Amino acid sequence: MGTKIKTFSYDRKKIKAGILHIGVGNFHRAHEEFYTNLLLEDEDQQEWGICGAMLLPGDERLYKILEKQGGEYTLTVCGRDGRDEVYRIGSLTELIWGVENPEKVLGKIADKDIRIITMTITEGGYNIEKSTGEFILDNEDIRHDLQNPQTPKTVFGFVAEGLRKRKAAGNGPVTILSCDNLQHNGNTARKAFSAFVKAQDPGLAAWMEQNVTFPNSMVDRITPATRPEDIVRLNGKNGTDDEAPVYCEDFIQWVIEDNFIAGRPAWERVGAEFTSDVTAYENMKLSLLNASHTLLSYPSFLSGYRKVDDAMHDERIAAFVRTFMDKDITPYVPAPGNTDLGLYKKTLIERFGNRTVSDQIARLCFDGISKFPVYVMPNLIKMIRDNADLTRVAYLIAAYRHYLKYRTDDNGASFEIAEPWMTAEDTALTESDEPVDFLGLSAFRSTDLKAAPAFVEKYLEMVGAIRRDGAMKTLESIL
């Protein structure tokens, strides 16, 4: 007997797509689609269905499966108490694969029914140079799109050409809402899209200033990758034959700056929060959740763990994360609104240890080059300034170097790394036998770590200890 599935009661044929979403991945399907699926039950909200646009060649498999399923899929919400809830999601009412049908994507961006373009294109997808904070105009696909507006390859080329058509048709303003895990993600999106459009079409750039808003938003829900064995497991439990199921934790949060130029869904009815400023919420989440994920990822992986929940059930790692939150982060994180910071931290530890979600540590290790500047460096700069205890962060950065350079864990098992934004210079700094060179990595460029003697001393001590004794023995010495 499968789990009872909570299915929607609205008529999908009556739903109109008012949102175009770029990048239909698991997180989007567990987060924005989940909220929207609940909201579409309200008859006055049924012009807010979602059209999903997938732009990458690698999206073909998921696109074909979802297309075959009419855009429907199951979402298993895994409770910290071990009880699951399963939802059939119907809010993804249309799908387009840009590789196969670029014209249709451009037409949707221009369509007057589409009043919001949302996106999950990953932290690295905004094409911003880490050290300067500027948009990178000098890369092959961007150069192609600047010169060939009609045949775009990148999200920037697609949005620019779609907006040009929208402007020409007089179809009115639109909001671009980033749902990526970046501080001030709306400001980042504005900077990236505006820089591209200015370089391609100054007239369109001027129109955008008056007709496109970029609200900031803070998103949160741990959503692991679905592997082939998860599909079998979820379908077995749920009595379904979904080829594209998603599973996630029971915690969910979405705080959005209320800056929508062409109207918006009433997502607040289903649990989202609207605010005039998301800064304090972002700071709390990025400094506590995301930084702690990064903190536990490399040491746990080097210690031989592969699942986050397994690592968090090791009291040494749990104590390390708790101490980091309390001593290294809390002094710098004012709690927003009526948030109980103690409860928030306690909930985070429970979420990380949730056995039914069982996230992959490899997913947390992925693309450290993009994660350190956003999650770790802003706080580390303040800690260095205040002569705070740098032990835990120095250990993390030493563990990151060891992970990149030696690619074997404490048990001698070797592994592959995935760092899509690593430059040739980063590779050389990592391969250098002089550990201090690693502190010049592009991920750390927001400050000169080599100029902080207390940090360098602690870091070199940790590099030596991990090399000599292994990651876990070194962690025990810190505790």
Quiz prompt | Only one of PRO265, PRO224, PRO228 that is modelled with pLDDT under 95 and within 27 Å of GLU67 (Cβ to Cβ) | solution = PRO224
Practice problem: Give segment 241-262 a look and list any residue that's open to solvent by 30 Å² or more (accessible area, probe 1.4 Å) and of a type outside the set (A, V, I, L, M, F, W, C), or say none. | Solution: ASP241, GLU243, ASP250, GLU257, ASP258, ASN259
Practice problem: Scan (1) in a loop (DSSP other than H, G, I, E, B); (2) more than 21 Å from LEU38 (Cβ to Cβ) for the single condition ALA244 breaks and write down its number. | Solution: (2)
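Look through ILE96, ILE114, ILE142 and report the one residue that is β-branched (Val, Ile, Thr) and in a helix (DSSP H, G or I).
On the way: ILE96 fails: in a helix (DSSP H, G or I); ILE114 fails: in a helix (DSSP H, G or I).
The match here is ILE142.
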Quiz item: Across segment 126-174, which residue is most open to solvent (accessible area, probe 1.4 Å) among those that are over 18 Å from LYS198 (Cβ atoms) and of a type in the set (Ser, Thr, Tyr)?
Solution: THR151
Quiz item: Yes or no: SER414 of a type in the set (Gly, Ala, Ser), within 30 Å of GLY125 (Cα to Cα), open to solvent by 10 Å² or more (accessible area, probe 1.4 Å) and at pLDDT 95 or above?
Solution: yes
Quiz item: Taking LYS237, is it open to solvent by less than 20 Å² (accessible area, probe 1.4 Å) and of a type in the set (Lys, Arg)?
Solution: no
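Which one is surrounded by the most Cβ atoms within 10 Å (Cβ to Cβ) among residues in segment 324-338 that are assigned to a loop (DSSP other than H, G, I, E, B) and among the hydrophobic types (A, V, I, L, M, F, W, C)?
Residue satisfying both the conditions and the ranking: VAL333.
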Quiz prompt | Residues satisfying the stated conditions in segment 407-422, i.e. of a type outside the set (Val, Ile, Thr) and either free of Cβ contacts under 8 Å to residues at least 12 places away in the same chain or under 16 Å from ASP367 (Cβ atoms) (or both) | solution = ARG407, GLY412, SER414, PHE415, GLU416, ALA418, GLU419, PRO420, TRP421, MET422
Practice problem: For residues that are under 27 Å from ALA110 (Cβ atoms), touching a strand residue (DSSP E or B) at 6+ places or on another chain (Cβ under 7 Å) and either part of a strand (DSSP E or B) or not hydroxyl-bearing (Ser, Thr, Tyr) (or both), tally how many sit in segment 1-39. | Solution: 17
Self-check item: The one condition in (1) closer than 23 Å to LYS108 by Cα; (2) open to solvent by less than 10 Å² (accessible area, probe 1.4 Å); (3) touching a Lys or Arg at 6+ places or on another chain (Cβ under 8 Å); (4) not aliphatic (A, V, I, L, M) that SER178 fails to fulfil
Solution: (3)
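Every residue, every condition in (1) surrounded by fewer than 21 Cβ atoms within 10 Å (Cβ to Cβ); (2) more than 24 Å from ARG407 (Cβ to Cβ); (3) touching a helix residue (DSSP H, G or I) at 6+ places or on another chain (Cβ under 6 Å), yes or no:
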| position | (1), (2), (3) |
| --- | --- |
| ASN283 | yes, yes, no |
| SER287 | no, yes, yes |
| THR294 | yes, no, yes |
| LEU302 | no, no, yes |
| TYR305 | no, no, yes |
| ASP310 | yes, no, no |
| ASP314 | yes, no, no |
| ALA319 | yes, yes, no |
| ARG322 | yes, yes, no |
Self-check item: Pairs, first within 21 Å of ASP59 (Cα to Cα) in segment 229-252, second open to solvent by 40 Å² or more (accessible area, probe 1.4 Å) and part of a helix (DSSP H, G or I), C-beta under 8 Å, six or more apart
Solution: GLU243/LYS68
Quiz item: With TYR87, TYR63, TYR10 as the choices, which residue is touching an Asp or Glu at 6+ places or on another chain (Cβ under 6 Å) and either among the charged types (D, E, K, R) or over 21 Å from VAL255 (Cα atoms) (or both)?
Solution: TYR10
Quiz item: Given the residues GLU476, GLU457, GLU461, GLU425, which is the only one that is open to solvent by 30 Å² or more (accessible area, probe 1.4 Å), in a helix (DSSP H, G or I) and under 23 Å from ILE361 (Cα atoms)?
Solution: GLU476
Quiz item: Does segment 191-214 include one or more residues that are of a type in the set (A, V, I, L, M), within 30 Å of ALA318 (Cα to Cα) and open to solvent by 10 Å² or more (accessible area, probe 1.4 Å)?
Solution: no
Quiz item: Is there any pair with a first residue in segment 94-113 that is within 21 Å of THR175 (Cβ to Cβ) and a second that is aromatic (Phe, Trp, Tyr) and crowded, with 19+ Cβ neighbours inside 10 Å whose Cβ atoms are under 8 Å apart and which are 6 or more apart or on different chains, and what are they?
Solution: GLY98/PHE158; VAL105/PHE158; LEU106/PHE158; ILE109/PHE158
Practice problem: Output the number of the condition that VAL155 fails; it satisfies all remaining conditions of (1) of a type in the set (Val, Ile, Thr); (2) closer than 29 Å to SER446 by Cβ; (3) over 22 Å from the mean Cα position of the chain (by Cα). | Solution: (3)
Self-check item: Unique residue being open to solvent by 10 Å² or more (accessible area, probe 1.4 Å) and closer than 19 Å to ILE22 by Cα when the list is ASP44, ASP84, ASP59
Solution: ASP59
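The values are calculated or read from the model by the stated rules, or taken from the named source; none is laboratory data. As the structure is a computational prediction, the values presented were derived from the model and not from experiment. Quick reminder, even Gly has a Cβ in these numbers, built from the backbone with ideal geometry, and neighbours come from all protein chains shown. These accessible areas exclude ligands, DNA and RNA; they are computed on the full protein's heavy atoms, side chains included. Shrake-Rupley method; radii C 1.70, N 1.55, O 1.52, S 1.80 Å.
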